[in-house]
1. Taking the Cα atoms only, what angle lies between the long axis of helix B:62-71 and the longest principal axis of chain B, rounded to 10 degrees?
2. Mind listing which trypsin sites (Lys or Arg not before Pro) in the range A:46-116 are in a DSSP loop and have 16 or fewer other Cβ atoms within 10 Å?
3. Could you give log10 I(q)/I(0) at q = 0.15, 0.18, 0.20 Å⁻¹ for the range B:38-171, computed by the Debye formula over C-alpha point scatterers of equal weight, without solvent?
4. Could you state the angle between the C-alpha long axis of helix B:127-138 and the longest principal axis of the C-alpha atoms of chain B, as a value from 0 to 90 degrees rounded to the nearest 10?
5. How far is it, in nm, from the label point at A:Ala88 to the one at B:Val29 when both lie 7 Å from their Cα along the line to the Cβ?
6. Given charges of +1 on the Cβ of Lys and Arg and -1 on the Cβ of Asp and Glu, with all other atoms neutral, how large is the dipole of the range A:2-143 about its Cα centre, in debye to the nearest 20?
7. Using a 7 Å offset from the Cα along the Cα-to-Cβ direction at both A:Leu10 and A:Leu24, what is the distance between the two label points in nm, to one decimal?
8. Which one, A:Leu68, A:Tyr18, A:Ala86, is farthest towards the positive end of the dipole of the protein assembly as shown when Lys and Arg carry +1 and Asp and Glu -1 on their Cβ?
Amino acid sequence: MRWIVLLCRLAVGGIFIYASLDKLAHPGPFAAAIDNYRMVPYPLLHPMAHLLPVLEMLMGLGLVLGVLRRGAALIAALLTLVFIVAIASALARGLDISCGCFHTDGGHGVGLDLLFRDVVLLLLCLPPLLKRDGGPELADLLKK
Amino acid sequence: MARRTTKSSGGRGRSPLAEAAWLTVASIVLTAGSWVLRPDPLPLRAEPAVYRLELAAPLVDAPTALAFYETGTHLFIDTRPVGDPEFRTIPGAVFIRQDSFDDDLFELFDFMFPEDPLVVFGDGNLTGPSNIAGRLKDRGYRDIVILQGGLDAWSDAGGELTTRTRGEGDS
């Protein structure tokens, strides 16, 4: 089981690290991508455009390295849940927008396939969150 | 085989909530630090007009506008309101302001034609140039673009600037 947990950790962590890179480099276009969802009030838009990629990067590193692993998995699960709500809400309102998931310039449009992808991502977050024994961790490797 | 009971940083000691709180605090601190250190930080508060404005014409970036200028294909239109007696602008630019639109356009009657390609620009705020572009479209001008970033972007891209004194053809 711990290897399944490790695989989930590496998959989710890797996805979030990759997702953070373009957003960290281009906070302006990412803010525009967030604004496309018409859900975030303007006073929070820029702080969120700066904070979210940093949180994704730290959380991804936490999962991959096994540092604060369960906390990182909890944040990953909550963020993915927020993404699912945002995408479902955009679909319900008929918004034809890019998701802003990995690339800030264009990228994948919101759709049911994206919703399905995020549900799978949410399921992958659960083993590292719920299992106490989550495979090799950085602290273990440093002790050797 | 005995199960390891070592408490490591990997989640065997603290609760997930406590770890998540640590990660969140660390992210906030890093975000604040990177925001301060960035060469091009976003303003703390988003300007709704930047996101919600339905522009009356497409945007072009400064290097593209610079290429238009160098080939001489486009007429540049300064839409900034009259300010200081001395001001800097793009050489050869003509002036059409929101509060004197009809008078300014009348003065350019023999100089600017509906088929002319136009680049409208302001101080970086898109509201003024978009307003002028929309009104020009209403008057039959069709080939209009807006310079993104305004005069500052033009200057940053290496565009030439000239100092004009109010009254020198600034309508």
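Laboratory data are not the source of any read-out in this text; all were calculated from the coordinates shown. Note that the structure is a prediction, hence the values are computed from the model and not measured. Because the Cβ atoms are built from the backbone with ideal geometry, glycine has one as well, and the counts that use them run over all protein chains shown.
1. Helix B:62-71 sits at roughly 30 degrees to that axis.
2. A:Arg93
3. -0.70, -1.02, -1.25
4. 50
5. 3.6
6. 480
7. Between A:Leu10 and A:Leu24, the label points sit 2.1 nm apart.
8. Value computed over the given set: A:Leu68.
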